[in-house]
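Okay, structure first, notes after.
The values are calculated or read from the model by the stated rules, or taken from the named source; none is laboratory data. Owing to the predicted nature of the structure, the values given are computational and were not obtained by experimental measurement. Using ideal geometry, Cβ is built from the backbone for each residue, glycine included, and neighbour counts are taken over all protein chains shown. Side chains included, ligands, DNA and RNA excluded: accessible areas come from the protein's heavy atoms. Shrake-Rupley method; radii C 1.70, N 1.55, O 1.52, S 1.80 Å.
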Amino acid sequence: MNNYEVPAIMEDELPAIKEELKEKCFLGNVNAAMLVLARYTRKMINLHDLPAVAKCMRLADKIYSKGNTIVKNAVENVFVYSFSGLRNCCDQQEWSKVQSGMPMTLYSLYVKQIYRSGL
């Protein structure tokens, strides 16, 4: 999967972000697409909609697993990087539920980032 395919896949999976994707993602800007997904995920955490959060995580994992190097970097550097901010949107118990629902690949990338940053 390349950076031009990502917004279309995201629209299919999450119709609620279709308009924002069209506004922000032009010329295959996969970083902007990942930022839209991260914002939507944060919104769902704020609404305590854990099934929607899990769906976002599965979508990001699917994009990462099928993506080329540019796409993988965007998922890791934008979406996974946003997890630290997502932690602040909910209490510890809810964050534990979010973590337990993370696909293993994303969770591994997240842990790697934490250790790399020394948090």
The chain: C-alpha gyration tensor shape, a/c 1.5 cut-off, then a/b vs b/c: oblate
Subtract the Cα-Cα distance of R39 and Y81 from 0.36 nm times their separation in residues, and report this length gain in nm to one decimal. 13.9 nm
Using a 1.4 Å probe and ignoring any ligands, DNA or RNA, find the accessible area of S65 and quote it in Å² to the nearest 10. 70 Å²
For the chain, modelled as a Gaussian network with Cα springs under 10 Å, which listed residue fluctuates most, E13, E23, E76? E23
Choice from G67, G101, G85 with maximal GNM fluctuation in the chain (Cα, 10 Å cutoff): G85
Does region 1-47 classify as rounded, prolate or oblate by the C-alpha gyration tensor (a ≥ b ≥ c root eigenvalues; a/c under 1.5 gives rounded; else a/b over b/c gives prolate, otherwise oblate)? prolate
When the Cα centres of region 69-113 and region 35-54 are compared, how far apart do they sit, in Å? 12 Å
Would you mind calculating the relative contact order of the chain from Cα pairs under 8 angstrom and at least 6 residues apart, reporting the percent as a whole number? 27 percent
Tally Lys/Arg at +1 and Asp/Glu at -1 over every other residue whose Cβ is under 15 Å from the Cβ of T69; what's the total? 0
Once all protein chains are kept in place, K22 shows an accessible area at probe 1.4 Å, nearest 10 Å², of 120 Å²
For the chain, what is the accessible area per residue in Å² when the probe is 1.4 Å? 55 Å²
Go ahead and run the numbers for FRET between K22 and Q113, Cβ-Cβ distance against an R0 of 30 Å, rounding to 0.05. 0.50
Mean residue ellipticity at 222 nm from the helices of the chain, using -39,500 (n - 2.57) per DSSP H segment of n ≥ 4 over the full residue count, to the nearest 500 deg cm²/dmol? -20500 deg cm²/dmol
Heavy-atom accessible surface of the chain: percent carbon and sulfur, 1.4 Å: 52 percent
Can you list the HN-Hα couplings for region 18-27, worked out from phi with the Karplus curve (6.51, -1.76, 1.60; θ = phi - 60°), rounded to whole Hz and with x for Gly and Pro? 4, 5, 5, 4, 5, 5, 9, 10, 10, 6
GNM, the chain, Cα, under 10 Å: largest mean-square fluctuation among M44, M57, M34? M44
